[in-house]
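I have placed the structure first, in the form of structure tokens, so that the comments after it can refer back to it.
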Amino acid sequence: MYARSGLLSQRSCSSHGRECATPVLAAQRRNNSTATKIAVEFDQSTGVAVMRLQGPPVNSLSLDFLTELCINVEKLEMDKNCRGLILTSSQPKVFSAGLDIMEIYGKSPERCGEFWRAVQEMWLKLYGSSMVTIAAINGSSPAGGCLMSMTCDYRIMADNPRYSIGLNETQLGIVAPFW
Ligand SMILES: CCCCCCCCCCC/C=C/C(=O)SCCNC(=O)CCNC(=O)[C@H](O)C(C)(C)COP(=O)(O)OP(=O)(O)OC[C@H]1O[C@@H](n2cnc3c(N)ncnc32)[C@H](O)[C@@H]1OP(=O)(O)O
């Protein structure tokens, strides 16, 4: 979902000193899901977009989720009026549970490869963004959720002792590929 006045066209442009992505984007080619796991509100008057993660129950980062996230970041990146992006969660108590472990459990090497490429694309998009990016961490954020927030320029976390954040994935026997 991309809520703002005027629909974004996928035009090539150069604004704020940044080159825009080509119209046909890797994430868009991959996206064949109609479900909306990300809601974006863009405030023209401030130039700040808020991206709400709304993938129940815990915003786990599936291939579909990562694809939708990348497409939305790309769209905002192409909008010369958008200067800032706040990433937050609509789910209670959880920012993101990290990678959707069902995407890697018992899957073929090809499918795992596709999934890890999508993970890489997500953090490269956020880390390389020309927008000022802020993770408003309003719940637990283990492993991939922590990675996602680390790729933002700033992180603010809700002060609640029940919320945890960190790179705990090795406890599950998961090691990120060599990027
Ligand atoms: C910038 C430079 C780059 C540097 C590179 C750094 C390297 C980084 C590498 C990153 C690799 C990342 C790996 C991962 O992310 S692996 C996943 C790790 N995640 C977890 O271990 C989270 C486990 N979950 C929890 O701790 C809790 O669920 C949580 C605290 C998130 C929420 O607790 P809550 O009590 O609210 O909810 P439940 O536990 O009851 O869960 C609800 C249902 O959601 C399912 N679930 C939870 N987490 C996941 C997940 N990660 N994937 C898929 N499904 C998940 C859970 O099973 C429940 O399902 P059911 O209702 O069906 O039982």
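Just so it is clear, none of the values below were taken in a lab; they were calculated from the coordinates. Here the structure is a predicted model, which means the values were calculated and not measured. Every residue, glycine among them, receives a Cβ derived from its backbone with ideal geometry; neighbour counts consider all protein chains shown.
In nm, what is the difference between 0.36 nm times the number of residues separating Met102 and Gln120 and their Cα-Cα distance? Kindly include the intermediate steps, with their values, before the conclusion.
Working: separation 18, 0.36 × 18 = 6.48 nm, distance 1.77 nm.
Separation in residues times 0.36 nm, less the Cα-Cα distance, equals 4.7 nm.
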Apply the Karplus curve 6.51 cos²θ - 1.76 cosθ + 1.60, θ = phi - 60°, to the phi angles in region 114-127 and return the couplings in whole Hz, x for Gly and Pro.
4, 5, 5, 5, 5, 4, 4, 4, 4, 6, 5, 4, 6, 5
Amide H proximity to Ile137 below 5 Å, modelled H, separation 5+ or other chain, gives Ile156, Met157, Ala158
Once phi for every residue in region 60-76 is put through the Karplus expression 6.51 cos²θ - 1.76 cosθ + 1.60 (θ = phi - 60°), the whole-Hz ³J(HN,Hα) values, with Gly and Pro written as x, are 6, 8, 7, 4, 4, 4, 4, 5, 5, 4, 4, 4, 5, 5, 4, 4, 5
Using 0.36 nm per residue of separation minus the Cα-Cα distance, give me the extension gain between Ile174 and Ala158 in nm, one decimal.
3.1 nm
What is the Cα centroid distance between region 63-124 and region 136-178, reported in whole angstrom?
14 Å
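Efficiency by 1/(1 + (r/R0)^6): what FRET value for Cys112 and Glu41, r their Cβ-Cβ distance, R0 = 35 Å, to the nearest 0.05?
On the way: r = 34 Å, r/R0 = 0.97.
The value I calculate is 0.55.
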Applying a 10 Å radius around every beta-carbon, put 102-110, 117-125, 133-141, 82-90 in order of their mean neighbour count, most first.
133-141, 82-90, 117-125, 102-110
Ordered by packing density, taken as the mean number of other Cβ atoms within 10 Å over each peptide's residues, highest first, how do 65-76, 40-51 rank?
65-76, 40-51
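Looking at the calculated P(r) for region 38-172, what percent of the C-alpha pair distances fall above 25 Å? Walk me through the intermediate numbers first.
Values: 1984 of 9045 pairs.
Of the Cα pairs, 22 percent sit more than 25 Å apart.
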